[in-house]
Structure formats: structure tokens, C-alpha cells
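What follows is calculated from the coordinates using simple rules that are stated; it is not laboratory data. Bear in mind that the values here come from a model prediction, so they are computed numbers and not experimental data. No Cβ is skipped: glycine too gets one built from the backbone with ideal geometry, and neighbour counts run over all protein chains shown.
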Amino acid sequence: DAGITQSPRHKVTETGTPVTLRCHQTENHRYMYWYRQDPGHGLRLIHYSYGVKDTDKGEVSDGYSVSRSKTEDFLLTLESATSSQTSVYFCAIAYNTNQPQHFGDGTRLSIL
Amino acid sequence: QKEVEQDPGPLSVPEGAIVSLNCTYSNSAFQYFMWYRQYSRKGPELLMYTYSSGNKEDGRFTAQVDKSSKYISLFIRDSQPSDSATYLCAMTRTSNTGNQFYFGTGTSLTVIP
């Protein structure tokens with residue numbers, strides 16, 4: 001999506017290391033979300049933000065933290081990566097909670 | 001029981017066929033309904049968005065919502081090889097912190113030339 005950039009697009013790392021994924025938007029949308037997508041589970045919400053410095057947990061938040069210091073950036077951190085966190089991570093944005101979410105192209109994260 | 005159920009497929013059809021993709025849901029509080037298309041190694045892309053029962057048409061795509069049966073469908077007419085992708089249904093309902101999104105697990109579609 002032209003208005004959402006995720007970085008890095010691919011990452012391979014080792015168990016126990018910290019990892020930070022970045023989502024950057026140019027749409028000035030208030031709501032930002034982090035999902036993971038795994039076969040058989042579909043998209044599962046990790047954390048979301050409803051404004052600068054305002055965040056809340058989703059369905060699968062254990063082992064993850066987030067920060068949002070600017071409207072345009074939403075960071076997802078794995079404090080100590082585990083192999084179960086190997087997944088594809090998607091960032092999404094929305095103007096408000098009644099509007100559809102729009103997704104970035106994802107980050108493929110492999111934890112060995 | 002999951003709040004949103006979607007048959008994962010895979011579904012394989014010849015070019016030109018009419019495709020029907022479906023989701024069922026359990027909570028009558030769902031208000032807004034969406035269909036997303038996801039190509040391999042890409043993010044989900046919004047196809048259709050509706051908030052009422054009935055049909056909504058956009059080109060070759062028709063979204064149908066039946067709230068009484070808790071059932072939504074996406075129809076693709078004159079299917080093309082470029083329609084080969086995974087299709088996700090999504091819906092929202094109000095919670096204490098605003099509307100929550102619920103996604104189906106996706107149906108994989110292949111259109112054979």
C-alpha cells in the first residue's frame with residue numbers, strides 16, 4: 001500500500017535477541033494495528049494504538065510491546081524473540097474504528 | 001467456536017466461471033462487513049465494504065450480506081487468472097474500546113486459464 005511502509009521486509013534472527021519492526025504511515029490516520037498471520041490462524045491482533053502514546057493489547061500480546069511516539073510511526077518490539085514468534089507481521093491503519101483497515105505488505109520474520 | 005468461520009478451500013475454477021466465497025458468523029452484533037484480497041507475499045487489500053443487508057456491486061464483484069442468517073458472500077463474475085489469491089472476510093462489532101475487527105482465516109482461490 002502506497003501510504004504504509006513496513007521495515008524491514010524480511011529478517012532472520014536468533015532466539016533470545018530483541019527485534020523491532022517499524023510501521024510508517026503517510027495518511028495521518030489515528031488508528032494503527034499490528035497483526036501476525038499464521039497458517040490456520042489467519043490474522044491475529046497483537047497490539048493497537050488509538051493515538052500518540054495510546055496503545056492497548058490485542059488477542060496475542062504476550063511477548064510483544066509497542067510504542068507510538070509520533071502519529072506516523074508505530075513500533076513493535078519482541079523483547080526476547082522465540083521460535084514461536086516466527087510469522088508474517090502486518091501493520092494496518094484506519095481513520096476510525098468504523099472504517100476498514102488498510103494493510104502494509106508485511107514483514108517476514110524468522111527466528112532460529 | 002470462532003466468531004467468524006470461513007472455508008479455507010482451496011478452490012480451483014476455470015477462467016470465466018462464477019466464484020462464490022462465503023463466511024458465517026455467530027454474533028448478531030456485527031455491523032460492518034468487508035472482503036479483502038491477498039496476493040502471495042502481499043498485504044490484504046480492501047475489495048468491498050458494506051454495513052447493511054443486501055447486495056453491493058462493484059464491477060465483477062458482488063458482496064452479499066444476510067444478517068438474519070449471519071452469512072456473507074462474495075461473488076466474482078467472469079473470473080480471471082488475476083483473481084487467483086486468498087480472500088478474507090472481515091467484520092466489526094462495537095466494544096468498550098470502539099469497534100473490534102474479526103477476520104476469517106481466508107479462502108485460497110485459483111483461476112485456471
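For B:TYR32, the shell of other residues with beta-carbons less than 13 Å away shows a net charge of +3, using +1 for Lys and Arg and -1 for Asp and Glu. On the principal axes of its alpha-carbon atoms, the stretch B:54-93 has extents of 33, 18, 14 Å, going from largest to smallest. Here A:LYS70 is the anchor, and the lysines within straight C-alpha reach of less than 22 Å, apart from those fewer than 8 places off in the same chain, are A:LYS53, A:LYS57. To the nearest 0.05, how large is the calculated FRET efficiency for B:GLU15 and B:SER53 if R₀ is 35 Å and r is the Cβ-Cβ distance? Working from the Cβ atoms, E equals 0.65. Working ranking of peptides B:31-43, A:99-111, A:69-81 by packing, defined as the average number of other Cβ atoms within 10 Å per residue, highest first, is A:99-111, B:31-43, A:69-81.
If you take the Cα Rg of the protein assembly as shown and divide it by 2.2 N^0.38 Å, with N the number of residues, what do you get?
On the way: Rg = 17.6 Å, N = 225, 2.2 N^0.38 = 17.2 Å.
The reported ratio for this selection is 1.02.
Compute for the stretch B:1-57: radius of gyration divided by Kirkwood radius, i.e. Rg/Rh, restricted to C-alpha atoms, rounded to two decimals. Value, to two decimals: 0.98.
Within 10 Å of each Cβ of A:102-109, how many other protein chain Cβ atoms are there on average? Before the final figure, lay out the partial values.
Numbers: counts 5, 7, 3, 6, 5, 0, 1, 0.
Average neighbour count from other chains, rounded to a whole number: 3.
Cross-link partners of B:LYS56 among lysines, defined as those whose alpha carbon lies under 20 angstrom from its own and excluding same-chain residues fewer than eight positions apart: B:LYS67, B:LYS70. Radius of gyration (Cα atoms) of chain B, expressed as a multiple of 2.2 N^0.38 Å: 1.04.
Restricted to Cα atoms, the stretch A:44-112 shows a radius of gyration and a Dmax of 12.4, 39 angstrom.
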